[in-house]
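Down below is the structure, laid out as structure tokens.
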Amino acid sequence: MSGERILVVDDERQILRALDTTLRGAGYEVDTAETGEAALTQAAIQPPDALVLDLVLPGKSGTEVARELRQWTDLPILVLSAVGDEREKVSALDAGADDYVTKPFGIDELLARLRALLRRAGDRTEPTIEIADIRIELDKRAVYRDGALVSLTPHEFDLLRLFAVNEGRLLTHRTILREVWGRAYETESHYVHVYVSQLRRKIEPDPARPRILVTEPGAGYRLVDPDRR
Amino acid sequence: MRRALIAVTTSLAAVATVTGLIFAFRSGVPVLSLGVLYIFAVLPVAIVWGRPYAVMTAIASMLAFNFFFLPPRHTLQLQDSANWFALAVYLVTAVVVSDLAARSRRRAAEAEQREREEALLAELSIALLHGQDVALELDRAAPEIASTLGAERVRVELDPEQRAGEGATFPLTTGPRRVGTLYTEGSLDSDAAIRRFLPALASLLAVAVDREQFQRDALQAEHLRLSDATKTAILRAVSHDLRSPLTAIRVAAESLLSPAVHLDEEARRQQLETVRTESRRLDRLVENLLDLSRLQAGAATPRRELVSVDELVGQALAEVPHDEDQIDVVLPADVPLVEVDAVQLERTLVNLLDNALRFTAPGRRVAIEVATSGGDVVISVSDGGPGIAEQELDRVFEPFTHVGADDGRRGAGLGLAIARGFAESNGGRIWVDPAAGGGARFSVALPRSAVSLGVET
């Protein structure tokens, strides 16, 4: 098993215990913390491979923990949020968290998100990525659908490549804008909406019911492989 | 009647006095020129008693002068026609002077009346515009209004409907708007006062009523805003407090089913244990929410019966999951009885114990203690927690309030509100004070039943 180390932070002991047992059963090493302060200390002493972070914590909030961690580490952070915490969730993502699941989450969803986060963006070095009936040849900047060449503008290709190498990971509007258009465009989220819509028309079988480029309301977009869900 | 009698008597006395004086002076002075002295009888009567008496006095003077002094004496006949003229002058003088006097008297009275009305209106405007309740201030001012208007009793109603009643009613209107009604008993001194006073009172009332309405509206808006804030707090609390146990249950249950998760025997047992304890926690939370909504809807009518306090404490302890060395129980030597709804009182005690266990530091103990004090049975639950700051003692029983519990031990904020609700609906009192060891001590006092079990001690 992978043996990667996950630090779980939640003030609810029952959730902490259930997650501890479950993640160990899934082959991870698990550390736990009940407060944001304890989490920061533990992450500094023994840096984990990923952090599972509850948003609502006594004392330092999840968002503050994410912000402080980002000052010195880019370890993946998965946020546990709840319905009603949308604003807090978005500010945690803005503060540097990578993804989220909504309580009460299923463990398949949690494990899938963790896997996507632990598979670092840079890890995908193969020149060709295949998702459903889409084949992306990164080195040639060419995209095929059912074997037929799809014509993409340079920005559309950059966007698709960003999604593909981060398969399964949530990409916030801000991240997408920064990676594809550059820092100066970080707040122009309408660019993302327009380009994602265009891209969907070219790669989705039914652009009105997207299955590959899915929207995460209020947060961003995620590329998923519908065959592997 | 009395007034008239006094007036007649004084008038006649005045005439008699002047007649006596003329009789005394008549040797030195021509008698006809002494007739003018009767003016001194007519004038005071005119000033004090008014025209009818003045005329009467003038006629009486004339007759007396004629009878006693004018020839032929001791008859009412006159020889000289010049004497007729003198008598006519007395009469005219009497009438004119009495009219003048009456008018000035009326003016003075009117001025005084106006002054009283103005003073009353000023007083009323202060009372009505600064008082809390317009209707109440009107009741308070009613005797003053009555005495100013010269009525025996008045009542001012803000009710725009005119109700039939004894005595006279006067509508209070400003413009087309009817503000209220003035009801009077007994006759009124002057219609002019009514005509002057009522419009002023009406417009004052209109302002006061409007002001009261604005105040009520503002209060209501504030109330709505607060209840909105409460609803938001409830939604947040419920969403968080229901979701936490649900999350633990779902994670534990799915880990048992998932092919991606491999659990050994101990881990499986642990996950099942989580499912069980968290389901019970959810159940308690739902029960508490129902209890609270029943209490707030006033639908929690207690079904009282005689129960022993031992029984109540025992039932509550059985309901609260705990290890025996976590809770000390101290019962009195005798067995006090109380007349309460056993199920509701058990909810009170369960919530107090739950709360105490949650806040008690590891290694320290919770104590539940029963004592009798006067006519009461007092059940106290002391915890080994951090205690409650003095300024927050009042707030702990409010629903959805978390006092000083920002360290992961907070519950839904329902338990203490429910404990208080059921204690009070059963005729009990509940309060909190510092416990001996630094924690908090919650106490419930219930009236001890007069019935005793007759156990020898």
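Annotations for the structure displayed:
- Reported count of residues in the range B:68-104, each being of a type in the set (Lys, Arg) and modelled with pLDDT under 80, is 1.
- Number of the exception - B:ALA4 against (1) closer than 21 Å to B:LEU87 by Cβ; (2) free of Cβ contacts under 8 Å to residues at least 12 places away in the same chain: (1)
- Residue count for the range A:40-58 satisfying the condition of being buried (at least 19 other Cβ atoms within 10 Å of the Cβ) and closer than 19 Å to A:LEU117 by Cα: 8.
- Of all residues in the range A:180-199, those satisfying the criterion of being surrounded by fewer than 19 Cβ atoms within 10 Å (Cβ to Cβ) and either modelled with pLDDT of 90 or more or not charged (D, E, K, R) (or both) are A:TRP181, A:GLY182, A:ALA184, A:TYR185, A:THR187, A:SER189, A:HIS190, A:TYR191, A:HIS193, A:VAL194, A:SER197, A:GLN198.
- Among the residues of the range B:445-457, those identified as out of contact with any Leu (no Cβ under 6 Å at 6 or more places or on another chain) and at pLDDT below 85 are B:ALA450, B:SER452, B:LEU453, B:GLY454, B:VAL455, B:GLU456, B:THR457.
- Search result, residues across the range B:131-144 that are touching a Lys or Arg at 6+ places or on another chain (Cβ under 9 Å) and either under 26 Å from B:GLU112 (Cβ atoms) or modelled with pLDDT of 80 or more (or both): B:VAL134, B:LEU138, B:ASP139, B:ALA142, B:PRO143
- Screening the range A:63-157 for strands (runs of 3 or more DSSP E) wholly inside it with 1 or more residues that are in contact with a Ser or Thr (Cβ under 7 Å, 6 or more places away or on another chain) returns the ranges A:77-82, A:99-103, A:134-137.
- Within the range B:289-313, residues that are in contact (Cβ under 8 Å) with a residue 24 or more places away in the chain reach partners that are among the aromatic types (Phe, Trp, Tyr) with beta carbons closer than 8 Å, at six or more positions or on different chains, in the pairs B:ASP291/B:PHE422; B:LEU295/B:PHE422; B:ALA300/B:PHE422; B:PRO302/B:PHE422.
- Residue in the range B:58-73 that is on the phi > 0 side of the Ramachandran plot and either outside any helix (DSSP H, G or I) or touching a Ser or Thr at 6+ places or on another chain (Cβ under 9 Å) (or both) present: no
- All of B:PHE422, B:PHE442 fail the test of being modelled with pLDDT of 90 or more, within 24 Å of B:VAL286 (Cα to Cα) and crowded, with 20+ Cβ neighbours inside 10 Å, apart from B:PHE442.
- Residues (more than 7 Å from chain A (Cβ to nearest Cβ) and not in a loop (DSSP other than H, G, I, E, B)) located in the range B:260-276: B:GLU265, B:GLU266, B:ARG268, B:ARG269, B:LEU272, B:GLU273, B:VAL275, B:ARG276
- Check on A:LEU171, touching a residue at least 12 places away in the same chain (Cβ under 8 Å), crowded, with 17+ Cβ neighbours inside 10 Å, more than 14 Å from every other protein chain (Cβ to nearest Cβ) and more than 22 Å from A:LEU69 (Cβ to Cβ): no
- The range B:248-259, residues that are over 12 Å from A:THR21 (Cα atoms) and within 7 Å of another protein chain (Cβ to nearest Cβ): B:ARG250, B:SER258
- Test: residue in the range A:60-72 that is within 14 Å of chain B (Cβ to nearest Cβ) and within 16 Å of the chain's Cα centre (by Cα): no
- A:THR128 vs. criteria over 22 Å from B:ARG243 (Cα atoms) and among the polar types (S, T, N, Q): yes
- Tally of residues being away from chain B (no Cβ under 14 Å) and within 9 Å of the chain's Cα centre (by Cα) across the range A:93-115: 3
- B:THR348 being among the hydroxyl-bearing types (Ser, Thr, Tyr), within 14 Å of chain A (Cβ to nearest Cβ) and buried (at least 19 other Cβ atoms within 10 Å of the Cβ): no
- Residue within the range B:4-16 that is modelled with pLDDT under 80 and of a type outside the set (Phe, Trp, Tyr) present: no
- Selection over the range A:12-47 of residues that are over 15 Å from B:ALA267 (Cα atoms) and within 12 Å of chain B (Cβ to nearest Cβ) gives a count of 8.
The values are calculated or read from the model by the stated rules, or taken from the named source; none is laboratory data. Because the structure is predicted, anything quoted here is derived from the model rather than measured. Note that each Cβ is placed from the backbone with ideal geometry, even for glycine, and that neighbours are counted across all protein chains shown.
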